[in-house]
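First up is the structure itself, then whatever we jot down about it.
The values are calculated or read from the model by the stated rules, or taken from the named source; none is laboratory data. Fair warning: this is a prediction, and the values are worked out from it, not measured in the lab. Quick reminder, even Gly has a Cβ in these numbers, built from the backbone with ideal geometry, and neighbours come from all protein chains shown.
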Amino acid sequence: MRRSSVVAPLLLIAIGGLFLARNLYPELPLLDYLAKYWPFLLILWGGLRLAEVLFWAATDKAIPARGVSSGEWVLVIFLCMFGASLHAVRGFNGDWWPRNVSIGGLDMFGESYEYPLSAEKAASKTPRVVIESFRGNARITGVDTDSVKVTGHRSIRSLDQNGADNANRTAPFEVSGDGNEITIRNNQERLSSGHVRLTADMEIMVPRGATIEGHGRYGDFDVTDVNGNVEIVSDNAGVRLQNVGGDAHIDLRRSDVIRASNVKGSIDVKGNGSDIDLQGVEGQVTINGTYSGVIQFRNISKPLRYRGPQTELSFEKLPGQIRFALGDFTGSGIVGPTTLTTRSKDIQLSDFTNSLEVSVQRGDLELRPGRVPLSRIDATTRSGDIELSIPQNAKFDLTASTARGDVTNDYGSPIRTETSGRTTMLKAQTSGGPAVTVHTERGQVVVRKASADDKPLAPKNETKADTPIPAAPLKKIEQ
C-alpha cells in the first residue's frame, strides 16, 4: 500500500493562506513576495519530506525507496521555472534578505529607528490645516497661538542605521504652505521600496479657529478645542473629537472607535467599524455604515439618522440616551417622531414622546411611554414577548394582539380581552386617545398600568451623560 504524504495538504494550506492574506489586505504585495521568496517553498517541502522519513525510521516503518516521486520532481522543475521567471519579471536585484516584510501592519524583520519631528509655521487665526495621507497617530489641539507647531517622532524600520537614514532623507518631513493653508507631509510615498514602512506620531498645536483635514492610512486622530470644521478620511483609524465648533465629517474604511463630545455643528459618519459614542452634539447627526460594537448617543439636539445593514433608527432629538449593541437596544428620553427597524434585538424604550414606530423580526419589546398625553405607538415583533406600560388616566385606542401566545391585562378597566380566529387581543378605546397598536406573531403580550416608582430604563454599562470623553492614548503602530 502506497504511503500518503502530508506535504501536499500543507502546501495547499500555505498557498491558500497567502491568497487569503491578499484578500484581507489588498495592499499586500503578494506577487513581490512570491517573486523574491519562492525558494522557501522548496525548503519547506524538503524539510517536511525529511521529517516524514525520520518519523518512519523512528517508528520502524518501511522507508520508501525514493524520498521524492517522479511527479514531484516535475512539479519542482515547474516551480523553479515559474519562480525564476517571476523574479526576473518583477525586476528584483540580487538582494536576498528582505529589507522589510509586513503583513497587515506588522513588520517581521529589522529594527525600528526613531527620528525627532519639530517644525513651526506662521498661520492666520483661521487656517486650513491639512495632514496628508500618512501612517501613524496625530493629536491636534487648538490653542491661543498664531502658528502651527508640530512635535513628535517618526519611526523607520530597517536592518541597519544606514538604510533608515537613507529612507529618512528620501522622505523628509515637511510643513509647507502660507498662513491660510498649511500642509503637513511625511512623504512616505517617495520611498521606492514598498516594503519600507514609515510611521509618525505627531502632536500638532493649531490656532483655535483652524479647520482640520486629515487623510490617513492607519492610526488615530485626536482633535480637541478647534472651532472650525473637521474632516477625517482614513483606511483604518480611531477618531476622537472634543470641543469642536464646526461640522465633522468622518469617512473610515475600518475603525475601532469613533467618539465625539461637545460638537456644535453636524456630524456625518460613513464606513465600517466597531464602537460609536456621541454626546453633546448640537447639529444633525447622520451615520451610514456597518458598526459591530457598542453604539451610544446622548444629548443630541437635532435629528439623528442611523442606517446600518441590520438596524435603522431616526428621531428628532435626544435629551436622554440610547445604547445598542449586538442583541439589545435601550433608550430613554427620546423625542420623536421615532422610527426603529432592526432584525434581532431586545428593545427597551422609556420616557419617549411623540409618535413611535418599532419593527423587530426577533426580540422582546418593553415600552414605557411614561408621560401623558400619549402619542401614537405602532410596535411589532415576529417572535418575542411584548410588555406595554400605560400611564394612569391616559387616553388611548388600544389594540394589543398575539397570533400564538397569551395576553395578560394588568391594567384593568377599560381594557378587555377579545378573540378573533387564532388571534387573541386586548382592546380598549377612550375618548380622544391616539392609536396604540402592538402585535407579536409568536409570544406573550402584557399590558399594565405604569407606576410612579417606575424609573427610566438604563442601558447596560451605562456612563453618565455629562462625563467628558477621556483623551485616550493613541494607537500604537506596530513596527
Answer residue from region 146-172, given it is farther than 16 Å from residue 214 by Cβ and within 30 Å of the chain's Cα centre (by Cα) and is modelled with the lowest pLDDT among those: 157
Residue count, region 263-301 (criterion: more than 26 Å from residue 133 (Cβ to Cβ), polar (S, T, N, Q) and free of Cβ contacts under 8 Å to residues at least 24 places away in the same chain): 2
Those residues of region 314-323 which are touching a residue at least 40 places away in the same chain (Cβ under 8 Å) and not charged (D, E, K, R), in sequence order: 320, 321, 322
Test for residue 313: is it under 31 Å from the mean Cα position of the chain (by Cα) and of a type outside the set (D, E, K, R): yes
Criterion: modelled with pLDDT of 90 or more, under 22 Å from residue 352 (Cα atoms) and among the small types (Gly, Ala, Ser) - qualifying residue of 428, 403: 428
Region 326-345, residues that are without any contact (Cβ under 8 Å) to a residue 60 or more places away in the chain and acidic (Asp, Glu): none
Those residues of region 341-351 which are β-branched (Val, Ile, Thr) and surrounded by 16 or more Cβ atoms within 10 Å (Cβ to Cβ), in sequence order: 342, 347
Qualifying positions in region 156-194 - of a type in the set (Gly, Ala, Ser), within 22 Å of residue 123 (Cα to Cα) and surrounded by 14 or more Cβ atoms within 10 Å (Cβ to Cβ): 177, 179
Residue match in region 273-280 (condition: over 24 Å from residue 180 (Cβ atoms), of a type in the set (Gly, Ala, Ser) and within 12 Å of the chain's Cα centre (by Cα)): yes
Region 358-386: number of residues that are free of Cβ contacts under 8 Å to residues at least 40 places away in the same chain and more than 23 Å from residue 449 (Cβ to Cβ): 5
Single residue of 292, 274 found to be out of contact with any strand residue (DSSP E or B) (no Cβ under 7 Å at 6 or more places or on another chain) and within 23 Å of residue 345 (Cα to Cα): 292
